[in-house]
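A.B. asks: Handing you this structure, nothing more for now.
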Amino acid sequence: MSTEHQSFQAEVRQLLDIVIHSLYTDKEIFTRELVSNASDALEKLKVIQLTENEIYQAEQELQIEISSDETARTLTIADRGIGMTREELVQNLGTIAHSGTKAFLQNLQEKGTQGAGMIGQFGVGFYSVFMVAESVEVFTHSWRADAPSLKWTSDGREGYEIEEVEAQDRGAKIVIHLKEEHAEFAKESRIKELLTKYSNFVAFPILLNGERVNKVEALWLKAKSEVTAEEYEEFYRFTAKAWDKPRYTMHFTADVPLDIHALIFLPEENQERFGFGQTQPGVALYCKRVLIDPQPNGLLPEWLRFVRGVIDSADLPLNISRESMQDSALVKKLGQVVTKRLLKFLEKQAIDDATAYRSFYESFSRYLKEGIVSSHEHRDSLSGLLRFQTSMMEAGELSSFDDYISRMKDGQKEIYYLMGASREVIEGGPYLEAFKARGLEVAYFMESVDEFVFDSLNEFKDKKLVRADQADIELDDTVNEGTALSEDDTSSLCDWWKETMGSGVSDVASGKRLVGSPVVALVPEDSPNAQMRAMMKAMGQEAPEVKPMLEINPRHALIKRLAALRTENPEVAALVAQQLVDQSLLAAGLVEHPQQLATRMNEILEKVL
Ligand code: ADP
Ligand code: MG
């Protein structure tokens, strides 16, 4: 029987180097990683059992056997799962295919050694064993009867060896030869402590030196009153493979329209914010305690991919396959019911503890917004969960649409909003003053996704959502305005102005929305606004030329003066008209070449001084 020497893939060596030399103190996490791999392998075997009738040692118990030997300084973790073929050994324990691990490495590279603490936060799977091991042997036999019995050996440095060995049981047996300084992990009491801490909810029996240690409880089937906060927390960590605490825990039971036992967790941390790429869905689907799919794709909508937990329904056919799941109307219904419940739950949390909800919102609002764009049926409840600053609230305070509506003036029918990069940008812009002067509140939206949100969201509880920089808003007269140009003078000024500007503007008209400014540039409804243009630019697209519609303020001294200047000095008047347009575009964030403004200003100054 031949021994095959192989080198680790470069990334694996790099990872191992970090793992082995990291100063990270929680070396104990390797037990959880290995036990969870054992549990995954057993889970996979169960799935294979549904379709394959020829399985090596089919009668073996699906369990995890752990033994410790203080004298030999070894710890052995054996499972009766799917095991590995030679190719699988090379693929799984010699290369990094796992996207989470790759992202981990990348993150470490960016953060330098500071990032080493993240091992504990994310886990690095199998390789974490080398934090404590001098060498590791993996004895394995695949579930395929014709596969060989193999031994994989490595000291976690350059590479590994694979050789064929005498007949092994199905599954994988990992023998860890502990470093002297980590001899503690060969102590039964220490391992027992770790198994209780990390692996209590593993769905297969775990035997330590022949004795059963884990509970195997379907927590979600119990009554709420029978479950303690610690148990929820432990279970969350187990099922989510997480290291943080659940931020919210929703445990509910229903029997109509479907039988449902659901235990849903919302994590503390938003993993996607760490740059780990898109999170995979993490709510497992069970039927009467039997796992159907640990990561079902079509169960909950994609924007709920950050949610963790378990949904168990006795109404599901037990033999439902993963393939048919996505199409199953029952599964869809199940997902819908749970999604609705979850949104209701969040609504209640927001009322009961606004501060906690705010903190949740700050980390996870993106997903809610994604939901508004993609899930029509949940749009109303999702938009009720949005929070935003407004013109009538102190900077930093947040409002909901319901709050906004409760503050609406008599006769106000619409909800007004503005988008901008920050509160300062929005308040420095030209659009707010008309609304302020009339006591109308304006909601502020400051994230680039909001652009897409409002593409999909046109109303909230029968109130139209109206962008305050849009051309066709009808505002009432205000009382505070002084003498204005006559109507005739105004309209002839507008005509002249439009002619002077040629094709640069779509229209010039007098309007009611200005108080302190002479002119405002309004973006026609069908044309991209400043944020949209910035986004198009960022994506390398050419934004179409802006053709603003100008609204002039016939009460403003500058406008009155311009009307007179038209006959006194047409040349300067034209320059001023042009300059005012560009300034209004600048205020609206729509100017591409600001240096032109300065050049023209010099020209004007030269002519008048
Ligand atoms: P992950 O579990 O996140 O995929 P790991 O580094 O923990 O990453 O494991 C790498 C791969 O090695 C697993 O995906 C699996 O294919 C294989 N593996 C690890 N442990 C076992 C085991 N006990 N039985 C069978 N395959 C295993
Ligand atoms: Mg793993």
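The values are calculated or read from the model by the stated rules, or taken from the named source; none is laboratory data. Everything quoted here is computed from the prediction, not taken from an experiment. Because the Cβ atoms are built from the backbone with ideal geometry, glycine has one as well, and the counts that use them run over all protein chains shown. Ligands, DNA and RNA are excluded from the accessible area calculation, which covers all protein heavy atoms including side chains. Shrake-Rupley method; radii C 1.70, N 1.55, O 1.52, S 1.80 Å.
A.B. asks: Are any residues in the range 125-137 within 7 Å of ligand 1 (Cβ to nearest atom) and either of a type outside the set (Ser, Thr, Tyr) or out of contact with any helix residue (DSSP H, G or I) (no Cβ under 7 Å at 6 or more places or on another chain) (or both), and if so, which ones?
C.D. replies: Passing the criteria: GLY125, PHE126.
A.B. asks: Considering only residues of the range 513-526 that are surrounded by fewer than 19 Cβ atoms within 10 Å (Cβ to Cβ) and out of contact with any helix residue (DSSP H, G or I) (no Cβ under 7 Å at 6 or more places or on another chain), which is nearest to LEU585 (Cα to Cα)?
C.D. replies: The qualifying residue nearest to LEU585 (Cα to Cα) is PRO524.
A.B. asks: Cβ contacts < 8 Å: first residue assigned by TED's automatic domain parsing to the domain that holds PHE201 and farther than 20 Å from VAL165 by Cα, restricted to the range 64-88; second residue of a type in the set (A, V, I, L, M) and part of a loop (DSSP other than H, G, I, E, B), any location; separation 6+ or different chain. Result?
C.D. replies: ILE64/VAL202
A.B. asks: Let me ask another. For ALA186, all conditions in the list (1) within 16 Å of ligand 1 (Cβ to nearest atom); (2) open to solvent by less than 60 Å² (accessible area, probe 1.4 Å) hold save one; what is the number of the exception?
C.D. replies: (1)
A.B. asks: Among the residues of the range 44-56 satisfying the criterion of being assigned to a helix (DSSP H, G or I) and either over 32 Å from the mean Cα position of the chain (by Cα) or crowded, with 21+ Cβ neighbours inside 10 Å (or both), which is nearest to ligand 2 (Cβ to nearest atom)?
C.D. replies: Within the range 44-56, the match that is nearest to ligand 2 (Cβ to nearest atom) is LEU45.
A.B. asks: Looking at GLU59 and the list (1) more than 15 Å from ligand 2 (Cβ to nearest atom); (2) open to solvent by less than 30 Å² (accessible area, probe 1.4 Å); (3) closer than 18 Å to ASP169 by Cα, which single condition is not satisfied?
C.D. replies: Of everything listed in (1) more than 15 Å from ligand 2 (Cβ to nearest atom); (2) open to solvent by less than 30 Å² (accessible area, probe 1.4 Å); (3) closer than 18 Å to ASP169 by Cα, GLU59 misses just condition (2).
A.B. asks: Scan the range 595-603 and give yes if some residue there is assigned to a loop (DSSP other than H, G, I, E, B) and among the hydroxyl-bearing types (Ser, Thr, Tyr), otherwise no.
C.D. replies: Scanning the range 595-603 turns up no residue that is assigned to a loop (DSSP other than H, G, I, E, B) and among the hydroxyl-bearing types (Ser, Thr, Tyr).
Here is a yes/no grid of residues against (1) β-branched (Val, Ile, Thr); (2) open to solvent by 30 Å² or more (accessible area, probe 1.4 Å); (3) in contact (Cβ under 8 Å) with a residue 12 or more places away in the chain:
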position: MET539; (1), (2), (3): no, yes, no
position: GLU551; (1), (2), (3): no, no, yes
position: HIS556; (1), (2), (3): no, yes, yes
position: ARG561; (1), (2), (3): no, yes, no
position: ALA598; (1), (2), (3): no, yes, no
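A.B. asks: Given the conditions (1) within 22 Å of ILE473 (Cα to Cα); (2) open to solvent by less than 30 Å² (accessible area, probe 1.4 Å), which single one is not true for MET501?
C.D. replies: (1)
A.B. asks: With the structure loaded, tell me whether VAL132 is open to solvent by 10 Å² or more (accessible area, probe 1.4 Å) and either closer than 19 Å to ALA78 by Cβ or within 16 Å of ligand 2 (Cβ to nearest atom) (or both) or whether it fails that test.
C.D. replies: Considered against the rule, which asks whether it is open to solvent by 10 Å² or more (accessible area, probe 1.4 Å) and either closer than 19 Å to ALA78 by Cβ or within 16 Å of ligand 2 (Cβ to nearest atom) (or both), VAL132 comes out as no.
A.B. asks: Anything in the range 219-257 that is open to solvent by less than 50 Å² (accessible area, probe 1.4 Å), among the aliphatic types (A, V, I, L, M) and either at pLDDT 90 or above or outside the structural domain of PRO281 (by TED's automatic domain parsing) (or both)? List them, or say none.
C.D. replies: LEU219, ALA223, VAL227, MET250, ALA254
A.B. asks: Now for a separate question. Could you tell me which numbered condition LEU62 fails, if it satisfies all but one of (1) more than 11 Å from ligand 1 (Cβ to nearest atom); (2) among the hydrophobic types (A, V, I, L, M, F, W, C); (3) at pLDDT below 90?
C.D. replies: (3)
A.B. asks: A further question on this structure: If you go through the range 76-95 one residue at a time, do you hit one that is more than 11 Å from ligand 1 (Cβ to nearest atom), outside any helix (DSSP H, G or I) and modelled with pLDDT of 95 or more?
C.D. replies: Yes, the range 76-95 contains a residue that is more than 11 Å from ligand 1 (Cβ to nearest atom), outside any helix (DSSP H, G or I) and modelled with pLDDT of 95 or more.
A.B. asks: For the list (1) within 23 Å of SER39 (Cα to Cα); (2) at pLDDT 95 or above; (3) out of contact with any helix residue (DSSP H, G or I) (no Cβ under 6 Å at 6 or more places or on another chain), I need the number of the one condition that ALA183 fails.
C.D. replies: All conditions are met except number (1).
A.B. asks: Could you please find all residues in the range 490-525 being free of Cβ contacts under 8 Å to residues at least 60 places away in the same chain and charged (D, E, K, R)?
C.D. replies: ASP495, LYS498, GLU499, ASP507, GLU525
A.B. asks: Under the condition of being part of a loop (DSSP other than H, G, I, E, B) and aliphatic (A, V, I, L, M), which residue from the range 62-75 is least open to solvent (accessible area, probe 1.4 Å)?
C.D. replies: Filtering the range 62-75 for residues that are part of a loop (DSSP other than H, G, I, E, B) and aliphatic (A, V, I, L, M), the one least open to solvent (accessible area, probe 1.4 Å) comes out as LEU62.
Yes/no per residue for (1) modelled with pLDDT of 85 or more; (2) surrounded by 15 or more Cβ atoms within 10 Å (Cβ to Cβ):
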| position | (1), (2) |
| --- | --- |
| GLY429 | no, yes |
| ALA434 | no, yes |
| TYR444 | yes, yes |
| ASP455 | yes, no |
| ASP495 | yes, no |
| VAL508 | yes, yes |
| GLY511 | no, yes |
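A.B. asks: Would you list the strands (runs of 3 or more DSSP E) that sit entirely within the range 271-354 and hold 3 or more residues that are farther than 16 Å from SER375 by Cβ, at pLDDT 85 or above and outside the structural domain of VAL256 (by TED's automatic domain parsing)?
C.D. replies: Because the criterion is at least 3 residues that are farther than 16 Å from SER375 by Cβ, at pLDDT 85 or above and outside the structural domain of VAL256 (by TED's automatic domain parsing), no strands (runs of 3 or more DSSP E) in the range 271-354 meet it.
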